[in-house]
Amino acid sequence: MEVLALMESNLEFVRKSTYAVVASRLANFQQVELLEAMLTRMWQRNQEKSMPDERMCALAVNAAFSIRRSDVALRILEGMRAEGVEVGALTVSVMAKGYGRMKQPSAVTELLNSAQQRNVDLDIVAWNSAVDAYTRCGQLDKAHELVERTSSGLFLSRFSSRV
């Protein structure tokens, strides 16, 4: 973070790719608090070309869940929403996976309901992540229900135009 601060103070513009490299390293070393601080710093700097995108935020959320820090994951999610970062299929997938690891099936249900209310276009990876989350939580009936709903075409109609 000190290196980023030095770069930010001496350069007019720090590339998003530079932040992405730092984010990847912080995630690999499970430094989720520093990763969260970096995202917050990027939002505060408010430079259009170096704002965190969904991919970078999802990386941070995944890193937080991987060390069982759902509190950090949820703060990052709230930051995304507050700063207008898309909460799309990638984020839903990562969140579902995290909730599954944390054995929180009700959170998976809330996540899917919220995504549906916001008309998030979920892809097959997001649906598979939700099925896996329910399975990890021992909610086989809910996992089976999702499989049935997706295989019956209820959710697949959105995907047919992409294939």
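The values are calculated or read from the model by the stated rules, or taken from the named source; none is laboratory data. This structure is a prediction, so every number in the text was calculated from the model and none was measured. Every residue, glycine as well, gets a Cβ built from its backbone with ideal geometry; the counts of neighbours run over all protein chains shown. Side chains included, ligands, DNA and RNA excluded: accessible areas come from the protein's heavy atoms. Shrake-Rupley method; radii C 1.70, N 1.55, O 1.52, S 1.80 Å.
Per the helix-only calculation at 222 nm, which mean residue ellipticity applies to the chain, given -39500 (n - 2.57) for every DSSP H run of n ≥ 4 and division by its residues, nearest 500 deg cm²/dmol?
For the chain, the value works out to -22500 deg cm²/dmol.
Using alpha-carbon pairs under 8 Å, 6+ residues apart, how would you state the relative contact order of region 1-152 in percent?
Relative CO of region 1-152 lands at 17 percent.
Once you list every other residue whose beta carbon is under 12 Å from the beta carbon of residue 86, what net charge do they have if Lys and Arg are +1 and Asp and Glu are -1?
-1
Would you check the accessible area of residue 129, probe 1.4 Å, heavy atoms only, in square angstrom rounded to 10?
Using a 1.4 Å probe on the heavy atoms, I get roughly 20 Å².
Which whole-Hz couplings ³J(HN,Hα) result when phi for each residue of region 38-44 is put into the Karplus expression 6.51 cos²θ - 1.76 cosθ + 1.60, θ = phi - 60°, listed in order with x for Gly and Pro?
My calculation for region 38-44 gives 5, 4, 4, 4, 5, 5, 5 Hz in order.
Would you please give the FRET efficiency between residue 83 and residue 124, computed as 1/(1 + (r/R0)^6) with r the Cβ-Cβ distance and R0 = 30 Å, to the nearest 0.05?
0.60
If R0 is 35 Å, what FRET efficiency do you get for residue 149 and residue 5 from their C-beta distance, rounded to 0.05?
Efficiency at R0 = 35 Å is approximately 0.15.
Measuring from centroid to centroid over Cα atoms, what is the spacing of region 64-109 and region 8-49 in Å?
19
Which angle from 0 to 90°, rounded to the nearest 10, does the C-alpha axis of helix 89-101 make with the longest principal axis of the chain?
80
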